Each structure stands twice: as C-alpha cells, then as structure tokens.
1. Among the candidates 113, 211, single out the residue that is crowded, with 18+ Cβ neighbours inside 10 Å and closer than 25 Å to residue 24 by Cβ.
2. Does segment 295-353 hold any residues that are more than 25 Å from residue 145 (Cβ to Cβ), modelled with pLDDT of 95 or more and among the polar types (S, T, N, Q), and which are they?
3. Out of (1) closer than 30 Å to residue 128 by Cβ; (2) out of contact with any Pro (no Cβ under 8 Å at 6 or more places or on another chain); (3) not in a loop (DSSP other than H, G, I, E, B), what's the single condition that is false for residue 278?
4. Hey, among the residues in segment 154-186 that are free of Cβ contacts under 8 Å to residues at least 40 places away in the same chain and buried (at least 18 other Cβ atoms within 10 Å of the Cβ), which one's farthest from residue 201 (Cα to Cα)?
5. For segment 129-182, give me the residue count where each residue is outside any helix (DSSP H, G or I) and not polar (S, T, N, Q).
6. For segment 229-247, name all the residues that are touching a strand residue (DSSP E or B) at 6+ places or on another chain (Cβ under 7 Å) and either at pLDDT below 90 or surrounded by fewer than 17 Cβ atoms within 10 Å (Cβ to Cβ) (or both).
7. What is the number of the single condition among (1) in contact with a Ser or Thr (Cβ under 8 Å, 6 or more places away or on another chain); (2) among the hydroxyl-bearing types (Ser, Thr, Tyr); (3) within 23 Å of residue 108 (Cα to Cα) that residue 336 does not meet?
8. With the condition being under 19 Å from residue 350 (Cβ atoms), I'd like the helices (runs of 4 or more DSSP H) fully within segment 6-121 carrying at least 3 qualifying residues.
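The values are calculated or read from the model by the stated rules, or taken from the named source; none is laboratory data. Note that the structure is a prediction, hence the values are computed from the model and not measured. Note that each Cβ is placed from the backbone with ideal geometry, even for glycine, and that neighbours are counted across all protein chains shown.
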Amino acid sequence: MPTSLLRVGVVFGGASGEHDVSIRSALTVIKALSAPENQNRFEVIPVYIDREGRWWPQTVAQGVLDQNRAITTEELPQPLPAPGLRQWPVNPDTVDVWYPVLHGPNGEDGTVQGLFTLMNKPFVGSGVLGSAVGMDKLAMKAAFAAAGLSQVPYVGLNAADLEEPGRLDQLITRLEQELGYPCFVKPANLGSSVGITKARTRDELLAGLHQAAALDPRLLVEQGVKARELECAVLGRGVLQASVVGEVRFDADWYDYETKYTEGRSQTLIPAPLPTSVSEQIQTLAIRACHAVHAYGLARVDVFYDETSGQIWLNEINTLPGFTSQSMYPTLWEATGVSLPQLVAQLVDTAQE
C-alpha cells in the first residue's frame with residue numbers, strides 16, 4: 001500500500017447509550033473514506049470501544065462492522081482486561097488523524113477530544129470546550145442565552161432534587177407554573193432522544209423526571225411548542241459554512257428514538273419548503289450557535305419554527321451528529337452539493353488545519 005496514504009483512525013462504539021447508533025455511523029463513514037474517489041488518499045484503521053470502555057484493535061473492530069452490531073462480552077477475546085482504556089489497541093504513531101464516530105457521553109463530551117489533544121494528534125470535530133458545552137444541554141443553553149439567542153422556556157434541575165423530602169412537590173408546582181403542559185423532560189448529557197419523555201400530565205412528568213434521573217444527574221425540562229422542526233449542518237474551522245435547511249416530519253407524537261432510527265417512521269424534506277429569508281435566518285443562527293459554544297469541524301444545529309408568528313427558537317447543537325443512512329447531517333450536505341465521500345474527506349482535511 002502506498003506510504004502516501006493518510007492513516008485515519010476511526011473510533012466507534014463507546015460506553016454510551018448511543019453505542020448501536022455509533023456502529024451504524026461508523027459503517028457509513030468508513031465506506032465513504034474507502035470510496036473510489038478516496039482510495040488513493042486514506043487508509044482506514046478501525047478501533048472499537050465496547051460498552052465498558054475497553055478499546056479493541058482492528059481485528060475485533062472489523063468483526064463488529066461485519067456483523068453491524070455490538071458483540072457480546074462472551075464474543076470478545078478472553079480473558080477480558082479491566083473496563084476502560086488500559087492500553088492502546090494500535091500503535092498511536094501509526095495514526096495520522098483520529099476520526100471519532102462516537103455519540104453521547106465518553107466520546108462526544110470532550111473526553112476523547114482531551115485524549116487526542118494530549119497526544120498532540122489532529123482529530124475530526126470540535127475541541128474539548130465545544131464538545132463539552134455542546135454535550136451538556138444546560139451548559140449549552142446557558143451559552144446560547146449569553147449570546148442572546150432565542151430559546152423556548154426551560155428549567156434546569158439536578159436529579160438529587162427529586163430525593164429531597166418535600167422538594168419534589170415544589171419542583172412539580174414550579175414546572176407546571178413556568179412551563180405548563182405539554183413539556184419535555186431530558187437528561188442533560190444524552191443524544192438521539194435517549195431518555196427523553198413528553199409529559200402531558202403531572203403523573204407523566206413525575207415518571208419522566210425519574211426516568212431521566214436514572215440516566216443523568218443533570219436534568220432539563222422544556223416547554224412544548226407547536227412548531228416545525230428544522231435542521232442545518234455546519235462545516236469548517238476558521239470560516240464556517242452552513243448547508244441548506246432541512247425539515248423533519250414524522251408520524252409519531254414527537255421525534256423520539258424509535259422514530260429517528262426506524263425506516264419509514266420519519267420523512268425529511270431537503271431543502272425545507274421555507275421562504276428564502278427564513279432559511280437564511282436559520283443558516284445565520286446555526287453559525288452563531290457554533291460560535292456561542294466554540295464548536296467547529298462539524299455540527300448539526302436544530303431549531304423550531306412557528307410559521308404563524310415567524311418565531312424561530314434555537315433548540316440544540318450536536319457536535320458529532322449521526323452518519324447513518326437516515327442521518328440529516330450528511331444528507332443536508334449532499335443536497336448542498338457535497339457528496340458523502342467529499343464530505344468525510346473535507347472533515348479529515350479540516351482536522352489537519
């Protein structure tokens with residue numbers, strides 16, 4: 001194999017509730033890096049992180065990719081090392097650029113980004129700050145508020161608040177008075193709608209709070225709004241570029257995990273049927289959102305749009321968006337004129353800037 005090939009270490013899996021989505025994203029990314037137009041540019045070195053945080057070499061990683069699923073503990077090489085990163089599965093000097101395809105905690109939250117930074121190795125995506133702030137919904141919303149970006153009303157709280165005697169009733173009353181029903185209960189540090197519930201009654205709110213508290217010590221409750229759900233992709237480092245705006249429509253009550261990742265349950269309209277002025281506002285807002293949390297490389301920014309009032313609310317930013325066949329980020333760039341092989345190549349190039 002020519003020595004001029006850039007060796008790209010694709011890290012996927014992870015000790016996260018989004019482990020399975022990460023595997024599907026990695027398959028797409030690796031296929032694009034290995035596409036005919038990239039064959040003379042990149043050598044892919046896959047690295048798999050199991051659900052307990054162990055890092056595995058290419059032989060194990062390729063087996064996971066071939067099966068398109070997480071392998072069980074019994075299928076991993078024995079004896080198992082202790083959970084976590086104990087030793088490098090590959091010689092780090094053989095990797096030129098790291099490409100984390102990780103979603104959720106322990107991968108999208110600045111932890112892996114800090115590791116690569118300490119190694120003095122370039123990597124795809126935002127640095128520690130942008131990743132950490134973008135991952136934690138409370139920190140993210142605080143940064144958006146400081147930048148003067150419009151958001152739907154919300155309340156942040158700690159899971160420990162639910163256990164204090166007499167505190168829970170006070171919290172419920174406050175949420176009902178400030179947000180009303182329906183509202184959405186979210187863990188602060190998970191993506192792909194994992195752990196999110198829609199509450200229409202006090203009983204559903206209580207159940208949602210406890211469900212979210214089992215997943216994260218920091219919780220977010222947002223007011224439900226009747227609005228269209230729109231998304232915009234961002235690419236670049238020094239100068240950020242925004243894609244066309246897309247819209248997500250679905251046949252469920254809301255855009256939950258099952259709807260997102262089940263074929264036929266949701267529909268995307270790209271570009272979204274919007275007035276040009278609204279699309280341009282959303283593109284500008286997407287770039288402002290990235291600047292607010294110091295995100296770069298790649299990001300997907302989600303917004304709500306009430307076409308009756310013309311109000312646009314910033315929902316959230318995702319600094320390592322999904323790359324599955326149903327994911328919006330690569331689809332938005334495809335519609336903007338950047339093919340999937342071109343996109344992953346540009347992301348690797350951006351990492352080296």
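1. Values: 211 fails: crowded, with 18+ Cβ neighbours inside 10 Å.
Of the residues listed, the single one that is crowded, with 18+ Cβ neighbours inside 10 Å and closer than 25 Å to residue 24 by Cβ is 113.
2. Residues satisfying the conditions are 331, 336, 339, 342, 346, 350.
3. The failed condition is (1).
4. 171
5. Step one: filter segment 129-182 for residues outside any helix (DSSP H, G or I), giving 136, 147-158, 164-166, 179-182.
Those left that are additionally not polar (S, T, N, Q): 136, 147-149, 152-157, 164-166, 179-182.
The qualifying residues number 17.
6. Residues of segment 229-247 touching a strand residue (DSSP E or B) at 6+ places or on another chain (Cβ under 7 Å): 229-235, 237, 240-243, 245-247.
Answer for segment 229-247, where residues must be touching a strand residue (DSSP E or B) at 6+ places or on another chain (Cβ under 7 Å) and either at pLDDT below 90 or surrounded by fewer than 17 Cβ atoms within 10 Å (Cβ to Cβ) (or both): 237, 241.
7. Evaluating residue 336 over (1) in contact with a Ser or Thr (Cβ under 8 Å, 6 or more places away or on another chain); (2) among the hydroxyl-bearing types (Ser, Thr, Tyr); (3) within 23 Å of residue 108 (Cα to Cα) leaves (3) as the failure.
8. Details: elements: 19-33, 58-67, 111-118.
Helices (runs of 4 or more DSSP H) meeting the threshold: 19-33, 111-118.
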